[in-house]
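Enquirer: One structure follows; several queries about it will come next.
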Amino acid sequence: MSATPRVRPGERPATLRASKPNLLIGIAVALVSVAAATGAIYPLKSLAPVVSLSVVYLPAVLLVSAYWGLALGLATSLLSAAAFNFFHLPPTGRFTIADSRNWVALGAFIVVAVVVSTVAELARSRALEADRRRAEADLAAAIARDLLGGSETESALASAARRVATALGIASVSIELGAVEGDRRRQALALSGADGRQIATLLVPRRLSAETEHRLEAYVLPALGALVAIALRRDALQAEAVETAALRRSDDVKTALLRAVSHDLRTPVTAILAAGHALGSDSLTAGERAELSAAVVEEGERLAGLVDKLLDLSRLQAGRADPRRDWVSLEDVVHAARDGLSESGTDVRLTIDPDVPAIRADAAHLERAFANLLENAVRYSRGLPVSVHIRRNGPQVVVRVVDQGPGIGAAERDRIFEPFYRVPTQPSGGGDAGAGSGLGLSIAKGFVEANGGTITVESLPGQGSSFVVSLPIELPAQPQPEAQPALPT
């Protein structure tokens with residue numbers, strides 16, 4: 001059992017090259033081979049008749065015919081016959097053939113040269129065709145990587161065109177989607193999909209060799225058209241997938257909004273309507289009438305707050321919450337957010353380090369953000385105090401809002417900033433933890449990020465939660481010193 005030799009990567013098997021070697025080298029090989037064969041016959045004359053020793057020239061004829069073609073092979077056969085006649089056939093030293101058998105030897109040389117050269121040309125043409133097919137396959141694979149490698153088809157066409165130009169040795173090539181007309185310098189070649197419809201145009205120079213045009217029409221255009229069609233189909237499927245995902249997210253938002261409307265909006269509206277009808281009764285006492293009036297105001301404020309949150313969320317999702325930056329004090333912002341809380345008996349304790357500078361941000365944005373964070377902390381703190389710490393940490397100001405609520409599990413911390421999401425765990429004790437639209441944290445995150453900051457949560461179940469807001473510090477521009485007048489010398 002024999003093993004087939006393996007060709008290492010990067011090596012080519014020992015076969016005829018697709019192109020002929022240099023002609024001058026072939027002439028030198030022919031001369032040296034004929035001279036060597038002529039010299040080798042002298043010691044062989046004692047072993048065989050001279051006429052039969054003409055076969056010594058056959059390796060030279062075979063070698064030259066195989067690698068340098070028919071013309072040089074015939075020249076080598078004639079040179080071999082002349083050398084054999086001049087040096088070895090009687091009468092030696094003259095170009096005369098006295099025996100007819102010598103003509104047979106010359107004819108054999110010529111037949112061998114013709115046959116070997118023909119076989120070599122056939123093998124060489126097949127090797128050349130194999131090289132071309134391999135190059136075309138490599139070109140198709142490279143273009144497939146460009147067009148299907150992840151980038152959009154339109155942006156990958158330039159790279160594919162450069163590969164076509166390099167592979168075919170064309171000065172300039174471009175690929176345009178759709179049907180494009182040629183001009184005086186360029187001709188337009190249609191690229192069609194499987195249905196025969198033109199999907200793109202290959203633009204190449206008008207003056208091309210017949211061989212290059214044949215390769216373009218026979219091999220490059222069909223493969224390139226199929227690849228562009230596949231890439232365009234891939235783009236369409238990706239666009240459909242993105243649109244489907246967007247529609248799914250939109251449906252989720254709509255579902256959550258309907259849930260909010262069905263509960264959070266309907267509850268205050270129902271309470272306001274019930275109190276309004278009751279106020280029309282003549283049997284109410286002054287105390288009952290005052291209590292119903294207060295309920296109408298409270299539920300109206302609750303309804304107005306929810307509407308404001310929905311408007312804030314819509315602005316953030318539409319990208320229309322551009323901040324109006326100015327120098328603001330975070331202490332004033334947090335005080336304003338705390339004063340705006342509607343919960344009675346709210347205990348929010350604020351501490352601030354003395355080295356905290358002013359920052360450039362939108363004060364209204366940050367007030368809405370901290371108002372939502374404080375409202376969330378108060379709701380889940382079970383009546384316990386809420387702490388707010390403001391300190392400087394390098395190039396940032398860090399605001400930490402800490403409650404003493406039930407904490408947030410690891411699975412919930414990734415979702416609490418989603419619109420309409422509410423933590424399902426109910427804290428023990430007081431506080432309306434189940435209330436709320438699930439919008440506050442999402443709005444806080446949107447306004448903080450709109451001002452270049454970040455917001456994270458640190459929490460362990462049963463140990464409270466800490467919302468950490470980091471905002472960048474922008475140092476105020478230093479005034480340039482005024483130029484001093486020059487002193488007289």
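The values are calculated or read from the model by the stated rules, or taken from the named source; none is laboratory data. Just so it is clear, the model here is predicted, and its values are computed rather than measured. Counting neighbours? That spans all protein chains shown, and the Cβs are built from the backbone with ideal geometry, glycine included. With ligands, DNA and RNA removed, areas are computed over all heavy atoms of the protein, side chains included. Shrake-Rupley method; radii C 1.70, N 1.55, O 1.52, S 1.80 Å.
Enquirer: Could you please let me know if Glu213 is assigned to a helix (DSSP H, G or I), more than 28 Å from Gln238 (Cα to Cα), free of Cβ contacts under 8 Å to residues at least 60 places away in the same chain and not hydrophobic (A, V, I, L, M, F, W, C)?
Expert: Judged against the criteria, Glu213 is a match.
Enquirer: Could you list, in sequence order, all residues of segment 398-419 that are assigned to a loop (DSSP other than H, G, I, E, B) and either closer than 14 Å to Leu350 by Cβ or open to solvent by less than 40 Å² (accessible area, probe 1.4 Å) (or both)?
Expert: Correct list: Asp403, Gly405, Pro406, Gly407, Ile408, Gly409, Ile416, Phe417.
Enquirer: With respect to Ser442, determine if the residue is among the small types (Gly, Ala, Ser), surrounded by 12 or more Cβ atoms within 10 Å (Cβ to Cβ) and at pLDDT 55 or above.
Expert: yes
Enquirer: Given the residues Ile199, Ile170, which is the only one that is modelled with pLDDT of 75 or more and either assigned to a helix (DSSP H, G or I) or under 24 Å from the mean Cα position of the chain (by Cα) (or both)?
Expert: Matching residue, one of Ile199, Ile170: Ile199.
Enquirer: From the list Ala290, Ala256, Ala194, pick out the single residue that is modelled with pLDDT of 80 or more and among the small types (Gly, Ala, Ser).
Expert: Step by step, each of Ala290, Ala256, Ala194 is checked, and only Ala290 is modelled with pLDDT of 80 or more and among the small types (Gly, Ala, Ser).
Enquirer: In addition: Take segment 137-181 and flag every residue that is open to solvent by less than 70 Å² (accessible area, probe 1.4 Å) and among the β-branched types (Val, Ile, Thr).
Expert: Residues satisfying the conditions are Ile143, Thr153, Val164, Ile170, Val173, Ile175, Val180.
Enquirer: Another one. Check Ser19 against each of (1) open to solvent by 30 Å² or more (accessible area, probe 1.4 Å); (2) in a helix (DSSP H, G or I); (3) modelled with pLDDT under 75; (4) not hydrophobic (A, V, I, L, M, F, W, C) and name the one condition it does not meet.
Expert: (2)
Enquirer: Which members of segment 384-397 meet the condition of being within 17 Å of Ala371 (Cα to Cα) and either surrounded by fewer than 18 Cβ atoms within 10 Å (Cβ to Cβ) or at pLDDT below 90 (or both)?
Expert: Pro385, His389
Enquirer: What number goes with the only condition from (1) closer than 13 Å to His365 by Cα; (2) surrounded by fewer than 14 Cβ atoms within 10 Å (Cβ to Cβ); (3) modelled with pLDDT under 75 that Arg315 does not pass?
Expert: (2)
Enquirer: Given the options Val378, Val423, name the one that is modelled with pLDDT of 85 or more, outside any strand (DSSP E or B) and more than 20 Å from Leu471 (Cβ to Cβ).
Expert: Val378
Enquirer: Please go through segment 56-88 and pick out each residue that is open to solvent by 50 Å² or more (accessible area, probe 1.4 Å), at pLDDT below 80 and more than 26 Å from Ser125 (Cβ to Cβ).
Expert: Residues satisfying the conditions do not exist here.
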